[in-house]
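Computed from the coordinates by the stated procedures, all read-outs in this text should not be read as laboratory data. For clarity, every value in this text was computed on a predicted model and none was experimentally measured. So basically every Cβ, Gly included, is an ideal-geometry build from the backbone, and we count neighbours across all protein chains shown.
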Amino acid sequence: MDIVVCVKNVPFTQEADLDVDASGKDVRKDNLVYVINEWDNYAIEEAVRIKEERGGTVTAVTLGNEDDEEVLRRCLAMGADAAVRVDPGDLEPDAFVTAALLAAVVKTLPHDLVLTGVQADDLNQGIVGALMAERLDLPHAAVVNSLRLGDGKAEITIELEGGQDERARVTLPALLSIQTGINEPRYVSIMGIRKVRSKEIPVLGLGDLGLAAGEVGERANLLISLGFSQPPPGRAAEMIKGTPAEVAQKILDILKERGGVV
Amino acid sequence: VARVFVVVEHRQGAIRDATFELVTLARELHTKFGLEPSALVIGSGVRRFAETLSAYLPETIMVEGEMLADFRYETYAAVLRDIIEKETPLLTLCPQSAFGMELIPRLSVELSRPCATDCVRVEMDGPRLVVVRSVYNGKINSSVSFASSGGYLATVRCGSYAPAAESGSVGTIREYRCPSFGTPFKTEFRGYREAASGAIDITQAQFILSVGRGIKDAEHIPKAEAVAAKLGAVLACSRPVVDKKWLGKERQVGTSGRTVKPKVYLALGISGAFQHLAGVKGSGVFIAVNRDPKAPIFRAADYGVVEDLFKVMDALTERLGS
């Protein structure tokens, strides 16, 4: 079973203060820490588990600059056999161009299964997997939360809403977009990453993929970013200030007055 | 006249709520920008759905076929491709659900029409379609437009528009013939699986103490359990806690877990992803504790505390002890 996993390095924004940058079309990223996209972490784990059980190869692919190579090192440390980086140069590819580039790389690699995360934690479009599947002419399922391989088929469940899943059977080769929680990703130690530091990671430029200039150039983008802004405050919460003891007392008061509980 | 189509999502004999939210959006695009709205109903035995939709929108296009009983990309895409190519709507809308996420992006490539996913707003700026998307954990809004095309597709985040009421008039129903499909299919629908119901039913709770990513580690769960017990609250959680297997799926609040309506919802260390917030809509008092002052949960809660959740839990324990 040969598996290709598409992964992305994303800024960690959970507890970060985000500012719109000078271009007005992105956030300032110089002070942000980058991590493997959470969904992709589950995808690479799933691929490595399959390899450990059934043999075969796992190749991690990313689209990114030199700094993004660390996400591939991490995948190698988790058990991927090889990694490929596509360097976009100065281009800022949208989801459509990203999918075209990644699909072009996947085409050059043996693949019974292509995995990617459901979405990326930055722009959460949840679109690249499906677009790649269309380009590769593979069956696709979005939001896969369990995966079992049979003879030339994959038995999967697809997460719907309200705790309901759909059961489906997909003919391989297939592209599956992996949901968080499908497994428990292994811990990656600094030692583990050190061990794979000297492993060579081929870098492909946009010209190396056999795509027509119109498919990858600046004008190939179908989505045009008009600008970023802070969202409206909504119905902003009344903020409770004070020491933890004061806060706790205020919470208990609210529970008594408003909730009729406690 | 430019038109907007709403792809009706249904499952197991019922139209999904998200469809009626898209009806609201389609009507808004009619009122503000003159787009003519139609519903698209695809399925097997779905005439009653078409009749339902005709009470909401002036036109419903229906395609019935035995092969369309359950959603499958290959069949639904073939039907939609045919209709969109013939009717050339300016915009085709679908919910951002597993259904929409599978259908719309691929269809967009097949039809050479750009699509935007997970939009929270759809508007027009003159002749140009503009969507707003919520990015970077809900902390930034992104306005996006498209390369020029004869038509566009978009999926819309559930809960972005209020569900529509009936229009008071009856629309027309137009039928399209179901095409014949080349088999065999590469995907096979095998059935539905309901969430395993555990010993606890959080939907019945009057007071919920819910923990999120901020709880940091499985070893802190007993502490949260103890505080919940002291307060007389039922312990629940957000998705990351279930993903990490620290608590069972039956305790998950949100679109992929349970929808709850307690008198009090006390959220500790939950950032407030929209999927989570959608699961607590209609709760009584909503109190949120989070270290991040910019966490989206403070845009939804009644009361907010910017503080380390462990300090608040300790202080609550101390107060309740005396």
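Here is the figure for the stretch A:222-237: residues that are outside any loop (DSSP other than H, G, I, E, B), out of contact with any Ser or Thr (no Cβ under 6 Å at 6 or more places or on another chain) and of a type outside the set (Gly, Ala, Ser) total 1. Please verify whether A:Gly205 is without any contact (Cβ under 8 Å) to a residue 24 or more places away in the chain and over 30 Å from B:Phe286 (Cβ atoms), treating the condition exactly as stated. No, not satisfied. Residue-level check: of (1) β-branched (Val, Ile, Thr); (2) in a helix (DSSP H, G or I); (3) more than 7 Å from every other protein chain (Cβ to nearest Cβ), B:Val132 misses just (2). The set of residues in the stretch A:8-54 that are closer than 14 Å to A:Thr180 by Cβ, more than 11 Å from chain B (Cβ to nearest Cβ) and touching a residue at least 40 places away in the same chain (Cβ under 8 Å) comprises A:Asn37, A:Asp40, A:Ala43, A:Ile44, A:Glu45, A:Glu46. Of everything in the stretch A:107-119, what is closer than 20 Å to A:Val144 by Cβ, of a type outside the set (D, E, K, R) and surrounded by fewer than 23 Cβ atoms within 10 Å (Cβ to Cβ)? Give them in sequence order. A:His111 - this is the single residue of the stretch A:107-119 that is closer than 20 Å to A:Val144 by Cβ, of a type outside the set (D, E, K, R) and surrounded by fewer than 23 Cβ atoms within 10 Å (Cβ to Cβ). Of the residues examined, A:Leu131 is not one that is part of a loop (DSSP other than H, G, I, E, B), among the aliphatic types (A, V, I, L, M) and within 13 Å of another protein chain (Cβ to nearest Cβ).
Looking across the stretch A:148-167, the residues that are part of a strand (DSSP E or B) and surrounded by fewer than 21 Cβ atoms within 10 Å (Cβ to Cβ) come down to A:Arg148, A:Leu149, A:Lys153, A:Glu155, A:Arg167.
B:Leu90 meets all of the listed conditions (1) among the hydrophobic types (A, V, I, L, M, F, W, C); (2) over 19 Å from the mean Cα position of the chain (by Cα); (3) buried (at least 24 other Cβ atoms within 10 Å of the Cβ) but one, namely (3). B:Thr60: within 20 Å of the chain's Cα centre (by Cα) and of a type outside the set (Lys, Arg), yes or no? Answer is no for this residue.
Let's see how each residue does on (1) within 21 Å of B:Phe274 (Cα to Cα); (2) in contact with a Pro (Cβ under 6 Å, 6 or more places away or on another chain); (3) not hydroxyl-bearing (Ser, Thr, Tyr):
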| site | (1), (2), (3) |
| --- | --- |
| B:Ala165 | no, no, yes |
| B:Ile173 | no, no, yes |
| B:Lys186 | no, yes, yes |
| B:Ile202 | yes, no, yes |
| B:Gly212 | yes, no, yes |
| B:Ala228 | no, no, yes |
| B:Ser238 | yes, no, no |
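Do you know which of the residues in the stretch B:246-266 that are crowded, with 21+ Cβ neighbours inside 10 Å and over 22 Å from the mean Cα position of the chain (by Cα) is nearest to the other protein chains (Cβ to nearest Cβ)? This residue is B:Val264.
Listed by position, the strands (runs of 3 or more DSSP E) enclosed by the stretch B:135-196 that each have at least 2 residues that are within 28 Å of A:Val144 (Cα to Cα) and within 14 Å of chain A (Cβ to nearest Cβ) are B:140-146, B:152-156, B:187-193.
The single residue among A:Ala168, A:Ala236, A:Ala248, A:Ala174 that is of a type in the set (Gly, Ala, Ser), at the interface with chain B (Cβ under 9 Å from one of its Cβ atoms), in contact with a strand residue (DSSP E or B) (Cβ under 9 Å, 6 or more places away or on another chain) and within 30 Å of B:Ala315 (Cβ to Cβ) turns out to be A:Ala236. Taking B:Val41 as the residue in question, decide whether it is β-branched (Val, Ile, Thr), in contact with a helix residue (DSSP H, G or I) (Cβ under 6 Å, 6 or more places away or on another chain), in contact (Cβ under 8 Å) with a residue 40 or more places away in the chain and not in a loop (DSSP other than H, G, I, E, B). Here the answer is no, as B:Val41 does not meet what is asked.
Tally up the residues in the stretch B:118-129 that are more than 7 Å from chain A (Cβ to nearest Cβ) and crowded, with 21+ Cβ neighbours inside 10 Å, please. Number satisfying all stated conditions: 3.
One residue is enough: does the stretch B:267-282 have a residue meeting the conditions buried (at least 17 other Cβ atoms within 10 Å of the Cβ) and within 7 Å of chain A (Cβ to nearest Cβ)? Among the residues of the stretch B:267-282, at least one is buried (at least 17 other Cβ atoms within 10 Å of the Cβ) and within 7 Å of chain A (Cβ to nearest Cβ), which makes the answer yes. In the stretch B:215-311, counting only strands (runs of 3 or more DSSP E) that sit wholly within it, the ones holding 2 or more residues that are under 21 Å from B:Ile200 (Cβ atoms) span B:234-237, B:264-268. Kindly indicate whether any position in the stretch B:199-209 is at the interface with chain A (Cβ under 9 Å from one of its Cβ atoms), of a type in the set (Gly, Ala, Ser), outside any helix (DSSP H, G or I) and surrounded by fewer than 19 Cβ atoms within 10 Å (Cβ to Cβ). The answer is no; no qualifying residue exists. With respect to the conditions (1) more than 12 Å from chain B (Cβ to nearest Cβ); (2) in contact with a Phe, Trp or Tyr (Cβ under 6 Å, 6 or more places away or on another chain); (3) not aliphatic (A, V, I, L, M), A:Pro202 falls short on a single one, namely (2). Being in contact with an Asp or Glu (Cβ under 8 Å, 6 or more places away or on another chain) and either facing another protein chain (nearest Cβ under 10 Å) or buried (at least 19 other Cβ atoms within 10 Å of the Cβ) (or both) holds for only one residue in B:Asp243, B:Asp314, B:Asp308, B:Asp292, and it is B:Asp292.
The stretch A:1-87 holds strands (runs of 3 or more DSSP E) entirely within its bounds, and those carrying 1 or more residues that are buried (at least 24 other Cβ atoms within 10 Å of the Cβ) and of a type in the set (Gly, Ala, Ser) map to A:57-63, A:82-86. What residue, among those in the stretch B:210-228 that are surrounded by fewer than 18 Cβ atoms within 10 Å (Cβ to Cβ) and closer than 28 Å to A:Ala16 by Cβ, is nearest to the chain's Cα centre (by Cα)? Among them, the one singled out is B:Lys216. Mind listing whichever residues of the stretch B:22-34 are under 20 Å from B:Ala165 (Cβ atoms) and either without any contact (Cβ under 8 Å) to a residue 40 or more places away in the chain or surrounded by fewer than 22 Cβ atoms within 10 Å (Cβ to Cβ) (or both)? Correct list: B:Thr24, B:Arg27, B:Glu28, B:His30, B:Thr31, B:Lys32. Got at least one residue in the stretch A:106-118 being over 21 Å from A:Val48 (Cβ atoms), at the interface with chain B (Cβ under 10 Å from one of its Cβ atoms) and out of contact with any helix residue (DSSP H, G or I) (no Cβ under 7 Å at 6 or more places or on another chain)? No: the stretch A:106-118 contains no residue that is over 21 Å from A:Val48 (Cβ atoms), at the interface with chain B (Cβ under 10 Å from one of its Cβ atoms) and out of contact with any helix residue (DSSP H, G or I) (no Cβ under 7 Å at 6 or more places or on another chain).
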